[in-house]
1. State the percentage of accessible surface on segment 608-678 attributable to carbon and sulfur atoms; use a 1.4 Å probe and exclude ligands, DNA and RNA.
2. With an 8 Å cut-off on Cα pairs and a minimum separation of 6 or more residues, tell me the relative contact order of the chain in percent.
3. Using only protein heavy atoms and a 1.4 Å probe, report how much of D64 is accessible, in Å² to the nearest 10.
4. If I model a spin label as a point 7 Å beyond the Cα along the Cα-Cβ vector, how far apart are those points for K685 and D601 in nm?
5. Sequence-distant or interchain residues sharing an amide H contact under 5 Å with M139, placed H: which?
6. As an exercise, identify the chymotrypsin sites (Phe, Trp or Tyr not before Pro) in segment 290-377 lying in DSSP coil whose Cβ has no more than 15 other Cβ atoms within 10 Å.
7. Using only alpha carbon pairs under 8 Å that are at least six residues apart, calculate the relative contact order of segment 623-699 and give it in whole percent.
8. Return the aspartates and glutamates within reach of K146: Cα separation strictly under 13 angstrom, same-chain partners fewer than 8 residues apart disregarded; answer none if there are no such residues.
Amino acid sequence: METLRFQMVGEAFKKKPLDVEAPSERPAQYFGKKVFNREKMYKYLPKDVYQKMIDVMENGARLDRDVADAVAAGMKQWATENGVTHYTHWFQPLTEGTAEKHDSFIEYDSKAAIEQEQDGACSDAGEREQTLTKFKGGMVEEFTGKLLVQQEPDASSFPSGGIRSTFEARGYSAWDPTSPVFIIDDTLCIPTVFISYTGESLDYKAPLLRALHAVNVAATAVCHYFDPNVKKVTSNLGWEQEYFLVDEGLYSARPDLLLTGRTLMGHDSAKNQQMDDHYFGAIPERVAAFMRELEIVALELGIPCKTRHNEVAPNQFELAPIFEETNLAVDHNMLLMSVMKKVARKHGFRVLLHEKPFAGINGSGKHNNWSLSTDNGVLLHSPGKTAEQNLRFATFIVETLMGVYRHNGLLKASIMSATNAHRLGANEAPPAIVSSFLGKQVSELLDHIERADVSDILAMAGKQGLKMDIPEIPELLIDNTDRNRTSPFAFTGNRFEFRAVGSEANCASAMIALNSAVAEALADFKRRVDARIPELEKKLKGTDHSATFHAIIEVLREDIKTCKPIRFDGNGYSDEWVVEAEKRGLDVEKSCPRIFERYLDDSSIQMFESLGVMTRKELEARNEVKWETYTKKIQIEARVLGDLSMNHIIPVATRYQTQLLQNISNMAVVFPIDTADKLSARNKKIIQEIAERTSSIEKGVEELVEARKKANKIDDEHEKAIAYHDTVEPKLDTIRYEIDKLELIVDDSLWPLPKYRELLFIR
């Protein structure tokens with residue numbers, strides 16, 4: 001009888017690329033078609049309301065109720081013209097995904113009248129009576145500013161880390177007007193923050209918006225040393241989304257993929273990625289069709305898809321967009337991950353976003369390319385053409401490094417998870433130590449500022465004014481951007497690339513930590529510079545400008561020396577680097593639950609609270625969620641592996657063992673005893689190996705169950721997570737080793753689970 005595995009393999013080989021009907025317009029014409037962007041706002045809103053909304057979006061102005069009502073009316077008109085029947089507040093709870101509750105536009109007509117009365121819309125009794133009699137039943141489609149701005153979803157089942165009791169279910173979602181509303185199918189999706197009844201954030205967006213505000217304030221203040229006309233600094237993000245595609249039939253035949261997102265067992269294929277022939281190769285036809293449709297959908301949703309290609313591992317691919325403002329980029333990445341799963345199923349695929357779905361080959365990351373820019377178009381991490389511009393460049397490079405150095409453990413915690421822990425430290429991903437690679441030219445610039453006397457760097461040049469000895473950065477810099485793949489936080493020409501972020505992560509986690517750390521460093525830098533200027537003005541008896549630059553360089557020199565331990569241009573994979581990093585005072589912890597502890601360091605709490613990003617209570621709650629999530633993920637993997645071991649692998653191995661025993665018995669009937677023994681020697685060896693390995697698996701599963709039971713008795717989530725890491729997780733690899741060895745000797749026709757060669761090479 002044909003096994004499910006072979007049925008699915010046969011079906012997968014028959015599948016052909018789907019025909020994708022492209023829009024008649026060019027991409028630039030249908031870009032943002034399903035987004036209530038500025039173009040739609042200008043068309044559907046009164047001019048005064050449009051101007052007020054721009055002020056709200058760009059300057060954080062207050063959103064009045066009358067403005068919200070007018071915006072809601074315009075949105076509803078646009079939405080209904082596009083066949084929309086429902087609306088939802090779309091938010092990002094602490095589940096790593098997104099959440100939505102769809103409500104219809106329709107309401108009883110009489111209810112609308114009653115609400116008008118309650119809202120005080122009717123001025124006197126006569127008008128109120130006339131209004132109430134006007135509505136005589138039936139239905140109306142309603143969408144008001146009140147519904148746009150705030151909703152009250154049930155918060156009881158979302159992770160809160162004990163921030164409120166289960167019976168206190170109330171939570172609020174509040175519109176984020178800086179991220180545009182969009183349409184998915186028949187639903188108007190409104191990006192929102194999600195907070196508890198008592199005001200604490202229960203999501204990623206609220207603290208991200210606060211962190212972005214903090215870095216804007218701090219960076220703008222520092223920019224005024226160089227250009228007093230700067231009004232705003234924007235944090236930019238360009239993510240690179242890596243993912244695997246697996247045939248949906250093969251996926252359904254792997255319970256471990258279905259329930260955990262990764263293969264808990266599976267021996268290497270004879271060919272994996274060692275030939276490097278998949279990387280940037282011709283995109284397989286079925287995949288190309290999927291990519292075409294995904295890009296059409298994404299562009300209509302305003303996601304600026306730019307790059308697509310094969311990645312290193314077989315059946316691994318990447319999509320990257322054009323840079324956007326960080327909050328919008330995060331929303332677009334979360335939306336894309338949701339959309340790509342839907343489109344993939346239409347094409348007979350499943351998307352794997354787990355950071356390490358297959359052992360022995362590259363996992364998937366989501367490099368976060370991060371930069372700061374001013375409202376007048378200056379990239380603050382980009383070198384300039386004058387000495388003053390390069391001093392500004394050096395300032396923002398050094399203060400970024402200061403933030404990363406002071407909070408390197410926190411940054412590692414921001415990207416750590418039970419899934420990303422499998423990827424970090426492997427040969428294709430950054431090590432679990434945060435360091436920064438700068439490249440030769442930038443390193444030489446910082447070394448020059450550090451070593452040269454301030455008087456040599458700054459000198460008065462007669463009528464020419466101030467002359468600075470700040471070296472120019474050669475144009476060659478653009479070619480010196482990406483030469484150390486082992487650096488988790490590398491400078492790449494005009495930005496930093498935070499490579500340690502995992503494929504399925506919410507980018508907001510890393511961006512909250514990074515922008516907060518840099519905001520703190522910049523604010524501290526300005527405080528120290530300002531403190532020195534008055535004394536230097538007296539000492540130098542020169543212009544305020546010379547005293548300011550003198551103070552800037554003095555503080556920069558201090559900071560260059562202070563943050564030097566974070567700079568590392570060598571091999572981040574070497575054992576020597578681990579020893580060296582520890583000597584430098586960098587965080588070298590590898591245990592996921594212990595890494596999360598960095599959120600509760602005094603320095604982390606002080607930073608987040610001083611910037612108004614998160615309170616101690618919110619941080620403690622989030623860590624409770626992180627520890628609980630870690631435990632549950634390992635717990636699920638342990639249960640799935642136990643089930644597969646006892647109900648799939650051992651029975652199949654035993655069945656094959658029985659066939660071999662029957663073969664030996666038949667040999668004894670046909671051949672003389674000596675000949676039969678000789679001919680059956682190999683089968684006897686396999687029978688013994690199967691017996692030993694199945695016995696080891698059974699023992700391993702028993703030990704795994706006992707370890708889980710013991711860990712589950714621990715009430716404290718922190719200690720329970722540590723127990724799962726130290727005593728439960730290692731047993732998964734022990735059991736896997738035995739199963740993978742069995743896969744090599746058990747009859748291929750009996751093996752129940754699709755193998756790596758099928759999962760990775762059927763396209």
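The values are calculated or read from the model by the stated rules, or taken from the named source; none is laboratory data. Everything numeric in this text was worked out from a predicted model, so none of it was measured. Cβ sites come from the backbone with ideal geometry, for glycine too, and all protein chains shown count toward neighbours. In case anyone asks, the SASA skips ligands and DNA or RNA and just uses the protein heavy atoms, side chains included. Shrake-Rupley method; radii C 1.70, N 1.55, O 1.52, S 1.80 Å.
1. Exposed carbon and sulfur together represent 55 percent of the surface.
2. After rounding, I find 16 percent.
3. 70
4. The modelled label-to-label distance comes out at 5.4 nm.
5. D109
6. none
7. 34
8. K146 reaches D64, D66, D69, E115, D119.
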